[in-house]
Amino acid sequence: MSNSTPIANTAPTAAIAQSHAKYLPYIAVVGGANMDIGAQTPTPMVTGDSNPGHIRCAPGGVARNVAENLARLGHQACLLSAVGDDVFGKCLLEASAKAGVDTKAVCCLASQRTASYLSLHGPDGDMAVAVNDMDILEHLSPTFLAPHTAMLQSAACTVLDCNLSPDTLAWLLTQTRTPPVFVDAVSMAKCGRIAPWLSRIHLLKVNRLEAEVLCGRAVRSVEEGLQSARHLHEGGVRHVVVSLGEQGVCWCDADGAVGWQAVRPVKVVNTSGAGDALLAGLVHAHLQSMPISVAVDFAMACAELTLSSTFANAPELSVALVQRHLSASSSFV
């Protein structure tokens, strides 16, 4: 890791903690903030050739997306991440702040590249392949985060993503007096980082492939999804939510009871960000004291609205829109 000097957006820790205290409760969101570069083809992709299509750039990153969705759902979301002193970094800070995210704890590092995520999508909107460049997140070390301890411990809840290093996740998950912790497993390659700390997690959100890695077994059906949710709960996680894509969402609650919710039919424009919206919906539901079955239903509506959006964060997302979506869906049952 190179020595990079924070050059902007670095308000003194005491001032940050004091500013947050004025607006309690707030949600601390720690992890990735990156520029999404997405390409989509109108016809099936041909490998080894140039494919016509559309390319767009938009603010992204699991933690940043969750923070933006939470802000749109009416919460004060405080993002703790790092960006470079470049065009992408400036764009991420401006767009996040404009969406209502508190970015005072995002550090801008000189001579570093802002994280970026390149994804290719076919005509169905589903991702074919992606490449991520997240080296800058290695700077989010325990030493880097230690000055923010008071802010993290005073939050109503904390959201972490597995883009963080194993050491950083361990430090965050072993802090004393920590609020309920929600974790996004992020990917097959990174989800194993939280395996030693399952008992510290209030709610873990995984997809099918991440569940397979953490459980060491195939997850191809709803029944296997229910089994994986219960397995992770028995491993220490209080609540588990397993997204099975078109097969719906399975969960296991704090008492070990499992359940399943089918997906509602929506027009899929882009799958990027749907999982982040799902997690944001689950955090919102927790703060509203919803039971897990109602929480999953609300969170799935957030994801469905995001699936229908061109962007990884649906600009129109709001509690009122989610409620209208749920009401409209129930009228067709």
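Numbers below:
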| quantity | calculated |
| --- | --- |
| First in the stretch 305-323 and modelled with pLDDT of 95 or more, second anywhere and assigned to a helix (DSSP H, G or I) and charged (D, E, K, R), Cβ under 7 Å, 6 or more apart | LEU317/ARG72; SER318/ARG72 |
| VAL46 of a type in the set (Val, Ile, Thr) and touching a helix residue (DSSP H, G or I) at 6+ places or on another chain (Cβ under 7 Å) | no |
| Candidate set from the stretch 255-289 (those that are in contact (Cβ under 8 Å) with a residue 40 or more places away in the chain and under 14 Å from VAL240 (Cβ atoms)); member that is surrounded by the fewest Cβ atoms within 10 Å (Cβ to Cβ) | HIS286 |
| Some residue of the stretch 193-207 being under 20 Å from ALA229 (Cβ atoms) and polar (S, T, N, Q) | yes |
| Those residues of the stretch 153-185 which are charged (D, E, K, R) and in contact (Cβ under 8 Å) with a residue 40 or more places away in the chain, in sequence order | ASP161, ASP184 |
| Among (1) within 20 Å of HIS233 (Cβ to Cβ); (2) surrounded by fewer than 16 Cβ atoms within 10 Å (Cβ to Cβ) - the single one THR143 does not satisfy | (1) |
| Given (1) touching a strand residue (DSSP E or B) at 6+ places or on another chain (Cβ under 7 Å); (2) under 30 Å from HIS54 (Cα atoms); (3) buried (at least 18 other Cβ atoms within 10 Å of the Cβ); (4) not charged (D, E, K, R), index of the condition GLY248 fails | (3) |
| Residues (among the small types (Gly, Ala, Ser) and either in contact with a Cys (Cβ under 9 Å, 6 or more places away or on another chain) or within 16 Å of ASN132 (Cβ to Cβ) (or both)) located in the stretch 21-75 | ALA28, GLY31, GLY32, ALA33, GLY38, ALA39, ALA58, GLY60, GLY61, ALA63, ALA67 |
| Any hit, the stretch 58-77, residues being farther than 26 Å from THR168 by Cα, at pLDDT below 95 and out of contact with any Ser or Thr (no Cβ under 7 Å at 6 or more places or on another chain) | yes |
| Of all residues in the stretch 120-174 being modelled with pLDDT of 90 or more and of a type in the set (Asp, Glu), the one that is nearest to ASN65 (Cα to Cα) | ASP161 |
| Total residues in the stretch 50-93, condition farther than 24 Å from ALA274 by Cβ and surrounded by fewer than 18 Cβ atoms within 10 Å (Cβ to Cβ) | 5 |
| Number of the exception - ASN132 against (1) under 30 Å from MET45 (Cβ atoms); (2) touching a residue at least 60 places away in the same chain (Cβ under 8 Å); (3) touching a helix residue (DSSP H, G or I) at 6+ places or on another chain (Cβ under 7 Å) | (3) |
| Matching residues in the stretch 240-253 - criterion: being closer than 16 Å to MET290 by Cβ and part of a loop (DSSP other than H, G, I, E, B) | ASP253 |
| Positions within the stretch 256-274 being under 23 Å from ALA229 (Cβ atoms) and among the hydroxyl-bearing types (Ser, Thr, Tyr), in sequence order | THR271 |
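A quick yes/no check of all residues on (1) closer than 28 Å to PHE311 by Cβ; (2) touching a residue at least 60 places away in the same chain (Cβ under 8 Å); (3) touching a Lys or Arg at 6+ places or on another chain (Cβ under 7 Å); (4) in a loop (DSSP other than H, G, I, E, B):
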{"position": "ARG113", "(1), (2), (3), (4)": "yes, no, no, yes"}
{"position": "SER116", "(1), (2), (3), (4)": "yes, yes, no, no"}
{"position": "LEU120", "(1), (2), (3), (4)": "yes, yes, no, no"}
{"position": "THR143", "(1), (2), (3), (4)": "no, no, no, no"}
{"position": "MET151", "(1), (2), (3), (4)": "no, yes, no, no"}
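The values are calculated or read from the model by the stated rules, or taken from the named source; none is laboratory data. Please read these numbers as outputs of a predicted model, since none were measured by experiment. A quick note on method: Cβ atoms are made from the backbone with ideal geometry, for glycine too, and the neighbour counts reach across all protein chains shown.
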